[in-house]
1. Leaving out ligands and nucleic acids, note down the accessible area per residue over the chain with a 1.4 angstrom probe, in whole Å².
2. Expressed as a whole percentage, what fraction of the accessible surface of region 1-139 belongs to carbon and sulfur atoms when a 1.4 Å probe is rolled over the protein heavy atoms?
3. With viscosity set to 1.567 mPa s and temperature to 4 °C, compute the Stokes-Einstein D of the chain, Rh being the Kirkwood radius across alpha carbon pairs; µm²/s, no decimals.
4. For the chain, what is the calculated [θ] at 222 nm in deg cm²/dmol (nearest 500), taking -39500 (n - 2.57) for each run of four or more DSSP H residues and dividing by its residue count?
5. Looking only at GluC sites (Glu not before Pro) in DSSP loops with at most 15 other Cβ atoms within 10 Å, what is the longest site-free stretch of the chain?
6. So, in nm, how far is label ASP116 from label GLN11 when the simple model puts each one 7 Å beyond its Cα toward the Cβ?
7. In debye, nearest 20, what is the charge dipole magnitude of the chain about its Cα centre with +1 on Lys and Arg Cβ and -1 on Asp and Glu Cβ, if you could check?
8. Describe numerically, in nm with one decimal, the distance between label points set 7 Å from Cα along Cα→Cβ at ALA80 and at GLN194.
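The values are calculated or read from the model by the stated rules, or taken from the named source; none is laboratory data. None of the values given here were measured: they were computed from a predicted structure. In this analysis, Cβ positions are derived from the backbone assuming ideal geometry, glycine residues included, and neighbour counts consider all displayed protein chains. Surface areas here come from the heavy atoms of the whole protein model, side chains and all, with no ligands, DNA or RNA. Shrake-Rupley method; radii C 1.70, N 1.55, O 1.52, S 1.80 Å.
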Amino acid sequence: MQYVLKNEGNQQSKVLVMLHGTGGDEYDMLPLATMLDAAAPVISVKGNVLENGMPRFFRRLAVGQFDEEDLVARTHELNAFVTAMVQKQSLEGEVIAVGYSNGANIAVSSLFHSADTFDHAILFHPMVPLRGIELPDLSGKHIFIGAGHGDPYASDAEINELEALLTEAGATVEIFWHNKGHSLTQEELAAAVQWYENL
């Protein structure tokens, strides 16, 4: 997988894994990583799938309709990559997924499939990527969700369903709502920074 590595020599209490939205790349989320924690080691990943020339982390059949077989395969691929990178770089801090939209969805899928890859997650405008699977025990994991009322992709009902699934699996979930749809807002980012500082 293509990626950017920053601050890998720093032994921080946290490691940030940045996961972009559709059409982004491994550089898109770096300013957000700096905003969250300028000193933390950062692994910023580029999705391996192209949709009309736009990078994504997994295929979809239509907007809002995921290719579940590809999603599962790409999830295992990402989990293996992150685990290997953390070991290779001897990173000892808690590993936190930070994803927006498609990147948030692959992060959710990671949590749905394994409790071992990520310790916590910041999810901006995620969806429920898969239904009807048994989640691992997510006790001790803290999840921040940024969500927008009127989001055409991640509806209020979808966000509430995701919160319920994660909570039932043992995670502690905090949601920040705004009224700007699928857009990332300054208020949302500020809330995520505050959540991160209290983690």
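1. Each residue of the chain exposes 43 Å² on average to a 1.4 Å probe.
2. Whole-percent figure for carbon plus sulfur exposure: 45.
3. 79
4. Per the formula, -10500 deg cm²/dmol.
5. 9-91
6. Between ASP116 and GLN11, the simple spin-label model gives 2.4 nm.
7. 440
8. Inter-label distance under the simple model: 4.2 nm.
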